[in-house]
Amino acid sequence: MAHTALTQPAPLAMPTRSAWQRLRASRGWAGFWFMLPTALILGLFLAYPLLKGIWLSFTNTRIGREGVFIGLENYTWLWDDDVFWLSVFNTCLYTVVASVVKFGVGLYLALLLNKNMPFKSIIRSIVLIPFVVPTVLSAIAFWWIFDSQFSIISWSLRHLGIIDGNIDFLGEPSMARACVIFANIWRGVPFIAITLLAGLQTVSPSLYEAATLDGASNWQIFSRITLPLLTPIIAVVMTFSVLFTFTDFQLIWAMTRGGPVNATHLMATLSYQRGILSGTLGEGAAIATAMVPFLLAAIGISWFGLQRRAWQSGGTDR
Amino acid sequence: MSAPAPPAHADPRLAPVIAARPAGLTDDSEGMAYLERLPRRLVTTYLPLVIILVVLLFPFYWMALTAIKPDEQLIDMERFNPFWVVEPTFKHINKLLFETQYPRWLWNTMYVSVAATVLSLFASVLAAYACVRIRFNGAGWVGAAIFLAYLVPPSILFIPLATIVQAYGLFDSPIALILAYPTILIPFSTWLLMGYFKTIPYELEECALMDGASRWQILTKIILPLAFPGLISAGIFSLTLCWNEFIYALTFLSSTQNKTVPIAVVSEFVDGDVYKWGSLMAGALLGSLPLVILYSFFVEYYVSALTGAVKE
C-alpha cells in the first residue's frame with residue numbers, strides 16, 4: 001500500500017473538468033435529451049390542447065372566428081339544455097350497462113378459455129379478432145345487421161315465427177340504445193377476456209388442487225381463490241374499459257350518429273356535433289370539458305372500488 | 001406485477017434472465033381437467049364457448065358474405081336464403097377498387113399508421129430508457145405523468161386540437177395525424193417498453209460501460225436487440241391503434257383523397273342507395289383484412305402488448 005502512495009499516479013482529470021464536461025456526464029442532462037421527443041409531442045399535442053380546451057369552453061369561439069371570454073355562459077347554457085342532459089344520461093347508461101355486462105361475459109369467457117381443450121391457442125387467437133378489426137368497420141357491419149328492412153335478425157325471428165313484422169332496430173329510441181350497447185359489449189368482451197385470461201394463468205394450479213382436497217365447491221374455489229387473486233388485474237382492466245366506454249365516439253357515429261331523436265347521443269358525439277358540425281367550438285369544448293369530472297368519478301369508482309378489495313381479502317396493498 | 005414475458009428468446013445468455021413463462025396464449029398444463037367427464041364438459045365448456053364464438057364471429061361472416069353477394073340476392077330475402085350466397089360476385093370489390101379512391105384511402109391509412117408508429121417508437125424507446133435506466137432526478141414522476149397521459153381520451157382533445165392544427169397550417173394534411181396519433185401511442189409504448197427494459201440485467205450495461213461504450217451505444221447495441229420482442233409488440237399494437245383511430249381523422253381531414261379507410265367508409269358510401277350495402281361491406285372487409293393478417297402472424301406479440309400494458 002505504501003508503495004502506491006509513493007509512486008505518484010498520473011493526475012486525474014476529475015478536479016479540472018469544465019462545466020461542459022460535468023454537464024455532459026450528469027444524469028439529468030442525458031435524461032433531458034432522452035425525454036425531449038416525448039416531451040415535445042405530449043406537450044404540444046396533449047397537454048397544451050387539454051388546457052386550450054378548458055380555455056375554449058369559456059369563450060364563444062366559432063369556426064373561423066376568434067372568440068372572446070364569456071365566462072360561464074357556455075356552461076349555464078348547457079345547464080338548461082335538455083339535449084345535453086339527455087346525452088349525460090345516455091353516456092352514464094351506456095357506460096354502466098356495457099361495463100357490467102362486458103365484465104360478466106368477459107370473466108366467464110376467460111374462465112372458459114382457461115380450461116384445457118383441443119385447439120386451445122387457436123380458439124384464444126380467434127376470440128381477440130373483434131378487438132383487432134377497426135371499430136368503425138365492425139360498427140358498419142352491425143349497422144347492416146340492424147338494418148330496418150334487411151336485418152338478418154328480423155328475418156330469422158320472422159322465419160322462426162316469433163315476430164310478424166321487421167323490428168326497427170336503430171329507429172326506435174330504447175331499441176337503438178340496446179343495439180349500440182350490444183355492439184359495444186361485442187367489441188369490448190375480447191379485450192377483457194384475454195387480459196383476465198393472462199391473469200388467470202398466473203394463478204398456481206396447486207392452489208386449486210389444495211382447495212379441492214379440502215372439499216371446496218366450484219363456487220368456493222372461484223370466490224375464495226380465483227376472484228381475490230384476480231382483483232388487481234380486474235381493477236386495471238375495468239378502469240380502462242370504463243374510460244374507453246365513457247368516451248366512446250366512433251361506434252355511435254358509425255351506427256346512429258346520435259339518433260333517433262338524440263336517444264343515442266353520448267357526450268362525445270354531442271360535442272362533435274355542436275363543436276365541429278355546427279361550428280360552435282366554444283360550446284363543443286364546454287361539453288368535452290364537462291366530461292372530465294364524470295370521467296374522474298368513473299375512473300375513481302372502478303379503480304378504488306375494486307382496488308380496495310385487494311387488501312380486504314388478504315392480498316398485499318401496493 | 002411481472003413484466004410481460006417476451007416470447008422464446010434467441011440469445012442463450014438471457015435464458016435464465018428472461019423468465020421462461022410462456023406469453024399469453026400457450027400453456028399446456030392439464031390441471032384438474034381430467035376430473036370432468038366428456039358429456040359434462042360438452043355442456044359446461046364447449047356449448048357456451050361455441051355460442052360466444054359464433055356471436056363474436058358472425059358480423060365478419062356477414063360482412064364477407066354481403067361483400068360477395070349479388071345485389072338481387074341482397075334485397076330479395078324470400079327467394080334466396082340470406083345465410084348463403086349462390087353465384088358469388090366480385091362486382092362490389094371491383095367497383096370499390098376501380099371506381100372509387102379506395103386504394104388511395106388504403107395507402108393513406110398505411111402511410112399515416114406506419115409513420116406515426118415509427119415516430120412514437122423512436123420517442124418511447126428513448127423515454128422508456130431514460131425512465132428505467134438513466135434515472136435522472138424525477139424519473140419516477142415523469143413515468144407517472146406518461147401513464148396519466150394514457151388516460152386522456154381523444155374525445156376531449158379533438159376540438160382544441162382542431163384549432164391548433166388549423167393554426168399550425170396542418171389542416172387536411174396527413175402530417176396532422178402523424179403528429180397527433182403519437183399522443184395515444186407514446187404513453188402506451190413507453191409503459192410497455194419500460195417493462196421490457198426492466199428485465200434486462202444491469203450487469204450487461206455495466207460491462208459495456210467499462211468497455212467504453214456511450215449511452216447511445218449501450219441503447220442501440222445492447223438494450224434494443226434484447227428488447228426486440230417488446231419493440232415488435234409495441235409496434236404491432238401501435239399500428240392497430242392508428243388504423244383504428246377515428247375521431248382525429250374525422251375532424252382533421254376534409255378532402256376525399258386525403259381520407260383514411262375508417263373515415264372514407266363512413267362518409268363516402270352512405271348515400272341512401274339500397275344497393276350501397278355490397279360495396280360498403282366490401283370496403284369494411286378490405287379495410288379489416290390487412291390488420292387481421294398482420295395479427296395472425298404476430299398473435300403472441302399482440303397478446304403480450306395487450307396484457308403487458310394492462311399489468312404494469
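Some points to look at:
- Qualifying residue in the stretch A:60-82 (condition: within 28 Å of B:Leu151 (Cβ to Cβ), hydroxyl-bearing (Ser, Thr, Tyr) and at pLDDT below 90): yes
- Among the residues of the stretch A:203-231, those identified as surrounded by 14 or more Cβ atoms within 10 Å (Cβ to Cβ) and hydroxyl-bearing (Ser, Thr, Tyr) are A:Tyr208, A:Thr212, A:Thr226, A:Thr231.
- Identification of helices (runs of 4 or more DSSP H) wholly contained in the stretch A:1-53 with 1 or more residues that are modelled with pLDDT of 90 or more and out of contact with any Phe, Trp or Tyr (no Cβ under 8 Å at 6 or more places or on another chain) yields A:27-42.
- The stretch B:144-167: number of residues that are more than 8 Å from chain A (Cβ to nearest Cβ) and touching a Phe, Trp or Tyr at 6+ places or on another chain (Cβ under 8 Å): 3
- You will find that of A:Ser174, A:Ser223, the residue that is more than 13 Å from chain B (Cβ to nearest Cβ), of a type in the set (Ser, Thr, Tyr) and under 23 Å from A:Thr135 (Cα atoms) is A:Ser174 and no other.
- The stretch B:49-75, subset facing chain A (nearest Cβ under 10 Å) and more than 28 Å from the chain's Cα centre (by Cα), residue surrounded by the fewest Cβ atoms within 10 Å (Cβ to Cβ): B:Ile75
- Of the residues screened, A:Gly215 is not one that is within 20 Å of the chain's Cα centre (by Cα) and small (Gly, Ala, Ser).
- Picking from residues in the stretch B:92-135 that are surrounded by fewer than 18 Cβ atoms within 10 Å (Cβ to Cβ) and under 30 Å from A:Gly28 (Cα atoms), the one that is farthest from the other protein chains (Cβ to nearest Cβ) is B:Val118.
- In the stretch A:109-122, the residues that are more than 7 Å from chain B (Cβ to nearest Cβ) and crowded, with 16+ Cβ neighbours inside 10 Å: A:Ala110, A:Leu111, A:Leu113, A:Asn114, A:Lys120
- Filter result (crowded, with 21+ Cβ neighbours inside 10 Å and in a helix (DSSP H, G or I)) within the stretch A:146-166: A:Ser154
- Count of residues meeting criterion [facing chain B (nearest Cβ under 7 Å) and among the aromatic types (Phe, Trp, Tyr)] in the stretch A:128-154: 3
- Where A:Gln201 falls short, out of the listed (1) closer than 28 Å to A:His265 by Cα; (2) at the interface with chain B (Cβ under 7 Å from one of its Cβ atoms): (1)
- Candidates B:Ala227, B:Ala213: the one that is more than 23 Å from B:Leu119 (Cβ to Cβ) and of a type outside the set (S, T, N, Q) is B:Ala213.
- If you filter the stretch A:257-277 down to residues that are surrounded by 24 or more Cβ atoms within 10 Å (Cβ to Cβ) and among the polar types (S, T, N, Q), you find that the one that is farthest from the other protein chains (Cβ to nearest Cβ) is A:Thr264.
- Neighbours by Cβ (under 7 Å, 6+ apart or cross-chain): first from the stretch B:32-59, modelled with pLDDT under 90; second surrounded by 12 or more Cβ atoms within 10 Å (Cβ to Cβ): B:Met32/A:Tyr208; B:Met32/A:Glu209; B:Met32/A:Thr212; B:Ala33/A:Lys115; B:Ala33/A:Asn116; B:Thr45/A:Leu112; B:Thr45/A:Lys115; B:Thr45/A:Met117
- Qualifying residue in the stretch A:149-165 (condition: among the β-branched types (Val, Ile, Thr) and within 30 Å of B:Ser238 (Cα to Cα)): no
- Residue in the stretch B:190-201 that is farther than 19 Å from A:Ile299 by Cα, out of contact with any strand residue (DSSP E or B) (no Cβ under 7 Å at 6 or more places or on another chain) and free of Cβ contacts under 8 Å to residues at least 40 places away in the same chain present: no
- Cβ-Cβ under 6 Å pairs, at least 6 apart or on other chains, the stretch A:278-301 side more than 10 Å from every other protein chain (Cβ to nearest Cβ), far side of a type in the set (Val, Ile, Thr) and part of a helix (DSSP H, G or I): A:Ala298/A:Val242
- Taking the stretch A:238-248 as the range and being without any contact (Cβ under 8 Å) to a residue 60 or more places away in the chain and within 16 Å of A:Val189 (Cβ to Cβ) as the test, the residues that pass are A:Phe240, A:Phe244.
The values are calculated or read from the model by the stated rules, or taken from the named source; none is laboratory data. Keep in mind the model is a prediction, meaning the values are calculated, not measured. Every residue, glycine as well, gets a Cβ built from its backbone with ideal geometry; the counts of neighbours run over all protein chains shown.
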